[in-house]
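Here the structure is laid out as structure tokens; the discussion comes afterwards.
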Amino acid sequence: ALVADPYRKLAAVGLATALWYFLNAQITREDNVTLKLTHAGMATQPLQRLQVVLGDAGVVGTRFLANGEKCDSVKVTFRGQSADVDRVRRDEMQLQVDFSGRYTDWSAQPYVEFDADDVLLPSRLRGLAIRMDPPLIRLEVDTLETYQLRLQAKNHVEPQVDDSELQNRLRWEAAKFEPDSPTFAGPSRAIERLKQAIANGIKPFRVTIAASSERDFVTAPLQPTSAVEGLDVETITLKIPVAPKTERFLLKVPLKIDDEALPATLQDKYVLGDEHGKLREVWINAGGEMLNTLRVLKQQPEQLDEWARNNLRLIVLLTPADTAVTNDKSLVREATLVLFGQLRQRGVETSDYALADAVYVTLHRRP
């Protein structure tokens, strides 16, 4: 009986299956999907989204609100015949609300509102009815502006330097930016917030400084702080000169007067109080190759003093302007440290040797 007249039985099963699919397709049911709210110009556009098109290049959406509170997503419920509802989850859901040409005076109404009736459905879903939760959503709108800022390290950058020794050697006064006058672009309200933050002493950028393989400078990209939120700005690089790594040494250095620029009648008229060529004990900051040399000599103080006498001079330079007042019996002038010997011949950087403090010398004029 089971296998008798098989063709008729197969036809009956097929007819029953087709009838089931037909009846099931007529059944009305619902399905829903949660979509991210987006607008043109947002940095990220998720696959599952409801996008608002403003249709005006001079404005941009700032935030979505529902019942006066910030809203990032909406639940859209689809209702219709079962076969049509099945299409809801087959592909990425990307719906749209288009306000192109509907508003021209954004200063009079800086927002748009939409509900389910404003949502445009793709052709495959046009037979379905929809509702939204929340049912009404507002997108605040602002005009687009640009603002150019001339960067200054002390006013606009918050440094983060883990290495205290490096921090003390950074020459912030000579810091350079590339570009040095970046342009910020975004909603006018965000531009105003940035200007107000800077006026209140809040720095729009921070920078993390790490040790560099370069001896003379370090470079690092600037990172925007919350003061720049909502604004686009180009990538900015900071380049900071680094002073040489130095150590202090107490040395006895010969002191000399250079009066070659004076008229012949005034040469040899100014002396150092006691005797020409006396030693002056001074603190010197040494770096680079000079630092290596002094570290070795420091182990034997006598050799260190001898090296200083043979390779260093404190020079007091006199010019005609210094002696313009003929009745002055004494002058106070600042001395300059000069390096001689093999280190100078090898091209030691002038920044590798310097007086730790200014040295002032009193000169007496002989009759």
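The values are calculated or read from the model by the stated rules, or taken from the named source; none is laboratory data. Because the structure is a prediction, the values reported are computed rather than measured. Reconstructed Cβ throughout: ideal geometry from the backbone, glycine too, with neighbour counts over all protein chains shown. The protein model used for the area step is the full one, side chains on, heavy atoms only, and it has no ligands, DNA or RNA in it. Shrake-Rupley method; radii C 1.70, N 1.55, O 1.52, S 1.80 Å.
Qualifying GluC sites (Glu not before Pro) in the range 32-123, where qualification requires a DSSP coil assignment and no more than 15 other C-beta atoms within 10 Å, comprise Glu92.
Taken per residue, the accessible surface of the range 30-80 reaches 51 Å², heavy atoms only and a 1.4 Å probe. Diffusion coefficient (Stokes-Einstein, Kirkwood radius over C-alpha pairs, 25 °C, 0.890 mPa s) for the range 218-367: 132 µm²/s, rounded to a whole number. Using 0.36 nm per residue and subtracting the Cα-Cα separation, the extra length available between Glu247 and Arg8 on full extension is 75.6 nm. The C-alpha atoms of the chain define a longest principal axis, and helix 6-26 lies at about 60 degrees to it. Sorted largest first by accessible area at a 1.4 angstrom probe radius, with every protein chain in place, the residues Met132, Met42 fall in the order Met42, Met132.
What the Cβ-Cβ distance of Thr350 and Asn200 gives, at R0 = 45 Å and to the nearest 0.05, is a FRET efficiency of 0.60. Surface listing: Glu173, Glu145, Glu140 arranged by accessible area from highest to lowest gives Glu173, Glu145, Glu140, probe 1.4 Å.
Straightening the chain between Asp117 and Lys329 buys 66.5 nm, computed as 0.36 nm per residue apart minus the Cα-Cα spacing. In summary, the aspartates and glutamates within cross-link reach of Lys203, defined as a Cα separation below 16 angstrom excluding same-chain residues under 8 places away, comprise Glu158, Asp180, Glu192, Glu229.
Over the chain, the hull volume per residue, using the convex hull of the C-alpha atoms, is 289 Å³. With 0.36 nm allotted per residue and the present C-alpha distance subtracted, the Ser164-Ala358 stretch has 67.3 nm of extension available. Exposure check, 1.4 Å probe, all protein chains in place: His364 carries approximately 80 Å² of accessible surface. Out of every Cα-Cα pair that the range 158-234 contains, those further apart than 14 angstrom amount to 67 percent. Among the protein heavy atoms of the chain, carbon and sulfur supply 48% of the accessible surface, probe 1.4 Å, non-protein parts ignored.
How many angstrom separate the Cα center of the range 136-183 from the Cα center of the range 324-367? Comparing the Cα centres of the range 136-183 and the range 324-367, I get a distance of 41 Å. Model label sites at Glu302 and Glu178, defined 7 Å from Cα along the beta-carbon direction, differ in position by 5.4 nm.
Within the assembled protein chains, the solvent-accessible surface assigned to Arg193 is about 140 Å², based on a 1.4 Å probe.
In the chain, Cα pairs under 8 Å separated by at least six residues give a relative contact order of 12 percent.
Helix 188-199 and the longest principal axis of the C-alpha atoms of the chain enclose an angle of approximately 30°. Taking only Cα atoms, what is the 0 to 90° angle, nearest 10, from helix 301-311's long axis to the longest principal axis of the chain? Tilt relative to the chain: about 90 degrees. Here's the list of lysines a cross-link from Lys329 could span, going by alpha-carbon distance under 29 Å and ignoring same-chain residues fewer than 8 apart: Lys252, Lys256, Lys269, Lys278.
Shown are Tyr360, Tyr353, Tyr103, whose ranking by accessible area with a 1.4 Å probe and every protein chain present, most to least, is Tyr360, Tyr103, Tyr353.
The label-point distance for Trp106 and Arg87, in a model that sets each label 7 Å from Cα toward Cβ, rounds to 3.5 nm. Put simply, the range 89-200 fits an ellipsoid with semi-axes of 48, 20, 13 Å; these come from the alpha carbon gyration tensor as the roots of five times its eigenvalues, largest first. Could you name the lysines in cross-link range of Lys70, using Cα to Cα under 17 Å and dropping any fewer than eight places away on the same chain? Straight-distance partners of Lys70: Lys36. Three principal axis extents describe the C-alpha atoms of the range 89-150; from largest down they are 54, 27, 23 Å. Positive end of the dipole of the chain (Cβ unit charges, origin at the Cα centre): among Leu10, Pro135, Leu291, the Cα lying farthest that way belongs to Leu10.
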